[in-house]
1. Whether any residue in the range 61-74 is out of contact with any strand residue (DSSP E or B) (no Cβ under 9 Å at 6 or more places or on another chain), outside any loop (DSSP other than H, G, I, E, B) and open to solvent by 50 Å² or more (accessible area, probe 1.4 Å) is what I want to check.
2. Against the condition open to solvent by less than 10 Å² (accessible area, probe 1.4 Å), among the charged types (D, E, K, R) and under 30 Å from ALA199 (Cβ atoms), how does ARG54 come out, does it pass?
3. Quick check on the range 280-316: of everything there that is assigned to a loop (DSSP other than H, G, I, E, B) and within 17 Å of the chain's Cα centre (by Cα), which residue is surrounded by the fewest Cβ atoms within 10 Å (Cβ to Cβ)?
4. In the set ASP46, ASP29, ASP82, which member is more than 29 Å from GLU192 (Cα to Cα), part of a loop (DSSP other than H, G, I, E, B) and touching a residue at least 12 places away in the same chain (Cβ under 8 Å)?
5. Return the residues of the range 140-152 that are touching a residue at least 12 places away in the same chain (Cβ under 8 Å) and farther than 14 Å from GLN227 by Cβ; say none if nothing qualifies.
6. Restricting to the range 214-255, what's the tally of residues that are in contact with a Cys (Cβ under 8 Å, 6 or more places away or on another chain) and over 15 Å from GLU285 (Cβ atoms)?
7. ARG223 - would you say it is of a type in the set (Lys, Arg), at pLDDT 95 or above and surrounded by fewer than 23 Cβ atoms within 10 Å (Cβ to Cβ)?
8. Among what's in the range 176-193 and is closer than 20 Å to TRP231 by Cα and within 15 Å of the chain's Cα centre (by Cα), pick the residue that is surrounded by the fewest Cβ atoms within 10 Å (Cβ to Cβ).
Amino acid sequence: MSAPAARLLTRPATSADAEGPAFSDLLPDRWRDGDNRRSVVATDADGAVLGHCRGIDNVFHPRSRTLVLEAREGAPWAEVADALVTAQIAVSTLPLHVKPSAHDAELAALCARHGGVLVQLMPPWRYVVDQALRSWAREHRTTHDGLTAAGLDEVAVGLDADESALREQMLDLYVEHYTAQHAAWSPAAAAERLRAENAADFVPGGEGSFDPGRTRLLLRDGRIVAQALAWPAEPDGGTEITVQSRPHEGPTARKDMEACLATVVECSTDGDVLLIDSHATEELESAMMREVPGPPPHPEDTWTAIVAIPVPDGPAPRPLPAQRIPEGAAPLVERLRG
């Protein structure tokens with residue numbers, strides 16, 4: 001494999017490359033059995049490794065791969081990145097997914113240079129629990145038919161079900177919502193695969209499992225119709241909240257999800273940071289989150305894009321419809337267009 005830049009060469013990564021001190025995340029080429037597990041390095045004319053990249057199979061979205069790319073500090077980033085992406089495109093059979101944010105102009109420009117297709121946009125996701133957010137929660141804690149969300153213990157008692165059975169129902173809803181949520185732009189794996197991959201997150205006390213103390217569920221006619229899952233704290237102290245409904249974008253979905261989120265806010269402490277993502281492709285979800293009050297965005301809490309870099313003979317990425325591009329994301333979208 002040869003990079004387009006005269007000063008750089010690319011080749012498959014070796015075990016010796018992986019053992020070097022420059023990169024902690026460098027793996028040798030074909031680090032797993034099977035096709036398409038490619039790891040590439042870029043070197044200068046003297047053979048010094050200046051960067052590496054690989055594509056990672058996405059078990060949740062089998063029609064794409066996640067691109068991991070790193071350049072050595074002080075190396076010409078754009079030149080190294082272009083060489084690596086060109087090499088990875090040549091050996092990949094699936095589009096390479098990248099997530100540039102509005103503050104990451106270099107990565108956005110890289111996507112533009114390699115024909116990246118914008119497939120999704122996500123707005124800033126940090127919400128700080130304060131009086132404005134508590135006021136919103138008081139106004140949205142009850143559904144159109146007078147229901148409120150509750151914690152696992154209370155719901156289990158109401159259903160006369162043990163916690164294990166309740167968690168199975170929660171996993172069912174998680175898979176159902178996730179599948180519908182991604183169907184239009186990044187089709188998910190089969191439900192059985194998703195269930196198997198996410199099952200550990202629904203085991204009591206499991207590493208990475210949701211926090212039962214802050215998670216809230218909404219029942220209607222004895223069935224879980226919405227949930228707000230609170231996950232373990234992020235390194236910066238924020239708590240990711242996954243809000244889901246059944247049916248996805250159904251007639252009661254927005255009010256049901258709002259009721260779940262409102263009770264999470266109520267059980268939170270002032271100053272807590274809730275991380276709640278949403279997708280521009282989902283009209284209902286986007287409309288709901290636009291009305292949830294949040295603080296002025298942190299400089300690095302900006303719009304984030306999901307870009308698919310096409311590869312020869314791979315499935316064609318599904319572009320985000322132009323009418324789904326919010327005004328606030330326009331600067332990022334312009335960078336992605338080059």
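The values are calculated or read from the model by the stated rules, or taken from the named source; none is laboratory data. Bear in mind the structure is a predicted one, so any value in this text is a computation, not a measurement. Here the Cβ positions follow ideal geometry from the backbone for every residue, glycine too, while neighbour counts run over all protein chains shown. Heavy atoms of the whole protein, side chains included, go into the accessibility calculation; ligands, DNA and RNA do not. Shrake-Rupley method; radii C 1.70, N 1.55, O 1.52, S 1.80 Å.
1. So far as the range 61-74 goes, no, none of its residues is out of contact with any strand residue (DSSP E or B) (no Cβ under 9 Å at 6 or more places or on another chain), outside any loop (DSSP other than H, G, I, E, B) and open to solvent by 50 Å² or more (accessible area, probe 1.4 Å).
2. Against the criterion (open to solvent by less than 10 Å² (accessible area, probe 1.4 Å), among the charged types (D, E, K, R) and under 30 Å from ALA199 (Cβ atoms)), ARG54 does not qualify.
3. GLU300
4. Only one candidate qualifies: ASP29.
5. Answer for the range 140-152, where residues must be touching a residue at least 12 places away in the same chain (Cβ under 8 Å) and farther than 14 Å from GLN227 by Cβ: HIS140, ARG141, THR142, HIS144, ASP145.
6. The qualifying residues number 4.
7. Judged against the criteria, ARG223 is not a match.
8. Taking the candidates together, the pick is THR179.
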